[in-house]
Structure formats: C-alpha cells, structure tokens
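Student: Below are the structure tokens for one structure; questions will follow.
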Amino acid sequence: MFPPIEPFATGRLRTRDGHEIHWETSGNPRGKPALYLHGGPGAGLMTGHRRRFDPERWLVVALDQRGCGRSTPLVIDALDTLATNTTDALIADIEALREHLGIDAWLVYGVSWGTTLALAYAQAHPARVTELVLMCVVQTSASEVAWITEDLRRVFPREWSRFEAASKRRSGQRVIDAYHALITSADATEREEAARAWCAWEDTHVSLDPRHRPEPRFETDAVFRQTFATLTIHYWKHAAFLEDGALLSRIDRIAHIPAALIHGRLDISSPLEWPWQLHLAWPKSTLTIVDDEGHGGDTMIDEVVRAIARFAP
C-alpha cells in the first residue's frame with residue numbers, strides 16, 4: 001500500500017430531500033478519477049481506501065453514504081429519513097457528486113455492500129464508469145439475506161440461537177423483519193439491545209478465517225454500532241431495493257467495462273458462488289480467489305492495490 005495521505009478538499013453536498021452528504025478528495029487533483037464506496041451499509045468512511053491508490057496518478061473521491069459517518073442527519077437521529085434511504089437515492093447522490101466535482105467518468109472501487117452499490121450504479125450509468133474493482137463481492141439479494149440471518153444457524157447454532165432469541169420474533173416471522181421492528185422502535189433501550197445483538201452476530205458470521213478479529217467499534221462506539229445496525233437491517237430487509245437477480249440479469253449493460261473481482265474462499269457470510277456466477281457472465285472481468293482469507297484480509301487488499309495499478313493511467 002501507499003503511505004497515508006490526507007484529503008486536499010472536503011465538502012458537503014445538499015440533496016433535494018434534506019440530506020447533506022460528506023465527501024472528500026485526495027491524491028492528485030489532475031489524476032485519473034476514482035470513486036470509493038464503503039461497506040455496511042452504514043459503516044462510513046475511514047482512511048484506508050486512500051492508501052490503495054498511487055497518490056501521484058489518481059484523484060480519489062469518497063463519500064459517507066446518506067445517514068452515516070459525517071453525512072447528516074444520522075439515521076439514528078432521524079429514523080423518519082429511512083424512507084428516503086434507498087439504493088436509487090444513493091445512486092442519485094453519487095451522480096450529483098460526480099457532476100458537482102466536474103468528473104466525466106471514474107473507476108469505481110467498492111467493498112462488501114459497496115460492491116452491490118457499485119454494480120447498481122454502474123448499471124444505471126455505464127457511461128460514467130471506466131473500470132470496477134470489487135472486493136468481498138455481494139449482491140444483497142433476498143437469498144443472501146436469508147442465508148446470513150436464517151441458514152447460517154447450521155454453521156453457528158449456539159450464536160444463532162442468541163441472535164434469534166434477541167429478535168423477539170413471532171412465530172413464522174422472519175428474523176430480519178423482527179430486527180427491523182426493534183431497530184425502528186420508539187423505545188431507545190430496545191433499539192440499543194437490537195443493535196448490540198445484531199453486531200454480535202455480524203462478528204460471528206463474517207468470516208471463517210481464524211485470524212479475523214471483531215470490529216472494535218461495535219463495542220466502543222454506540223453511535224457507530226446503532227448507525228451500522230439500523231442501515232444494514234434496513235437495506236437487508238428490502239434486499240437492497242433491487243428486484244431479485246437484477247444485478248446479474250442486467251450484466252449486459254456493463255459487459256464492456258473491465259472489472260477485477262476479489263473474494264475470499266473462507267467468506268462464509270458471502271459464499272464464492274455469487275462472484276463466480278458474476279464472473280462467468282462478465283467477459284471483461286477477472287476473478288481472484290484468496291484461499292486463506294474470508295470477508296477481507298491483507299492479501300485481498302494487496303490484490304486490490306494490484307488491480308487498481310493495472311487500471312492506472
């Protein structure tokens with residue numbers, strides 16, 4: 001990776017429906033444009049994405065997706081804004097930022113949930129995407145949500161029993177629907193308990209890599225914990241607001257765009273089947289499988305850096 005750098009510019013983009021989106025630019029103002037899309041949903045920006053790009057060759061743009069990070073209002077402070085927090089809205093935010101910055105087209109780099117958003121954005125605006133780099137590839141489909149929230153009880157029965165009990169679900173109710181009711185409750189204590197249980201399950205299922213470590217912010221940062229849980233549950237309940245199978249069925253829209261897919265074989269929460277199917281349907285894609293890592297890892301990041309370098313000017 002490259003040495004740490006700071007943004008040379010930051011700003012806030014006001015949307016028509018009352019959100020203010022925090023954005024930053026780093027690297028070379030005259031470099032090739034690239035956009036970073038963070039995971040979660042709701043994880044917000046950190047700083048590591050900047051180090052994936054040669055700062056002499058790239059103009060790196062990033063944003064806190066609506067409702068999280070430094071964008072306002074935070075979803076936990078304005079639960080009524082969930083109605084305006086959809087994949088189409090995020091795509092519109094990205095396009096508005098691109099136009100605001102005067103960028104014609106850019107490489108899009110997404111991680112985890114960010115890969116779902118990157119694919120949806122590219123399919124909506126293929127002329128604005130030069131390449132895609134996708135790490136921990138997920139589609140956030142109804143079947144993936146069911147796998148993570150219901151079917152993984154076969155792998156983690158003890159932990160899932162605690163997760164399921166904390167949902168307080170009614171007979172026949174989906175776990176995801178029960179958590180959505182809790183995380184949007186008027187009772188602050190109920191929301192906090194749901195967020196803690198959700199994040200404990202997240203740390204359980206995210207990887208079979210024995211080197212995986214829990215996300216420290218789940219324990220130490222109540223705002224992060226509740227924001228992450230609220231937005232993740234919201235998007236999972238609605239299967240990313242996408243028709244089932246839409247990302248694969250619309251692959252023809254981006255078939256001409258070069259793409260690097262990077263995935264860990266030990267990623268139990270997002271099995272390799274989906275990036276494999278995507279790769280087979282996408283003639284301009286490459287798929288790199290990291291055998292000894294799960295939902296992220298140092299080797300996967302090294303592969304991201306190599307992929308971005310292949311697309312450098």
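Student: In the chain, with Lys and Arg counted as +1 and Asp and Glu as -1 at Cβ, which of these residues, Val137, Pro55, His263, has the Cα nearest the positive end of the dipole, that is, farthest along it?
Tutor: Selected residue: Pro55.
Student: Calculate the translational D of the chain in whole µm² s⁻¹ from Stokes-Einstein, where the hydrodynamic radius comes from the Kirkwood formula applied to all Cα pairs, the temperature is 20 °C and the viscosity 1.002 mPa s.
Tutor: Working: Rh = 19.7 Å.
Taking Rh from Cα pairs, D becomes 109 µm²/s.
Student: In what sequence, highest mean first, do 210-216, 290-296 appear when ranked by Cβ atoms within 10 angstrom? Display every interim value, and only then the final one.
Tutor: On the way: 210-216: 11.7, 290-296: 19.3.
Per-residue Cβ counts within 10 Å, averaged per peptide and sorted highest first, yield 290-296, 210-216.
Student: What do you get for Rg/Rh of region 143-239 when both radii come from the Cα atoms and Rh is the Kirkwood radius? If you can, show how the numbers build up before the last one.
Tutor: Numbers: Rg = 12.7 Å, Rh = 13.6 Å.
Computed over Cα atoms, the ratio is 0.94.
Student: Which shape class, rounded, prolate or oblate, goes with region 1-118 when its Cα gyration tensor gives a ≥ b ≥ c as root eigenvalues, a/c under 1.5 marks rounded, and past that a/b bigger than b/c marks prolate? Before the final figure, lay out each step's value.
Tutor: Details: a/c = 1.88, a/b = 1.66, b/c = 1.13.
It is prolate, given that a/c is not under 1.5 and a/b is the larger ratio.
Student: Let me ask another. Straight-line reach from Lys168: which lysines have a Cα under 25 Å away, not including same-chain ones fewer than 8 places off?
Tutor: List returned: Lys237.
Student: Right, next: Would you mind working out the magnitude of the charge dipole of the chain relative to its Cα centre, with +1 at each Lys and Arg C-beta and -1 at each Asp and Glu C-beta, to the nearest 20 Debye? Don't skip to the end; give the middle numbers.
Tutor: Numbers: 34 positive and 42 negative charges, 64 e Å.
Computed charge dipole of the chain: roughly 300 debye.
Student: OK, next. Using a/c under 1.5 as the rounded threshold, could you call region 249-310 rounded, prolate or oblate? The axes a ≥ b ≥ c are square roots of the C-alpha gyration tensor eigenvalues, and prolate needs a/b larger than b/c, oblate otherwise. Before the final figure, lay out each step's value.
Tutor: On the way: a/c = 2.94, a/b = 1.35, b/c = 2.17.
Cα axes put region 249-310 in the oblate bin.
Student: Quick one: if the Förster radius is 30 Å, what FRET efficiency do Ala186 and Asp221 give, using the C-beta to C-beta distance and rounding to 0.05? Please report the intermediate quantities before stating the final value.
Tutor: Working: r = 23 Å, r/R0 = 0.77.
E between Ala186 and Asp221, to the nearest 0.05, is 0.85.
Student: Taking 8 Å as the Cα distance limit and 6 or more residues as the minimum spacing, I'd like the relative contact order of the chain as a percentage. Write down the numbers at each step before the final one.
Tutor: Values: 593 pairs, mean separation 58.8, N = 313.
With pairs under 8 Å counted, the relative contact order is 19 percent.
Student: Please report the net charge: other residues with Cβ closer than 14 Å to the Cβ of His256, K and R +1, D and E -1.
Tutor: On the way: positive: Arg128, Arg250, Arg253, Lys284; negative: Glu131, Asp252.
Taking every Cβ under 14 Å from that of His256, the sum is +2.
Student: Related question: How do the peptides 226-237, 198-209, 260-271 rank, highest first, by the average count of neighbouring beta carbon atoms within 10 Å per residue? Each step should come with its number before you reach the end.
Tutor: Working: 226-237: 25.1, 198-209: 19.9, 260-271: 22.2.
Ranking, from highest mean packing down: 226-237, 260-271, 198-209.
Student: Something else: Hey, got the dipole for region 143-239? About the Cα centre, +1 on K and R Cβ, -1 on D and E Cβ, debye to the nearest 20?
Tutor: Details: 15 positive and 16 negative charges, 43 e Å.
Once rounded to the nearest 20, the dipole reads 200 debye.
Where a number appears in this text, it was derived from the coordinates with a stated rule and is not lab data. Remember, predicted model here, so these are calculated numbers, not experimental data. Virtual Cβ from ideal backbone geometry, glycine too; neighbours counted across all protein chains shown.
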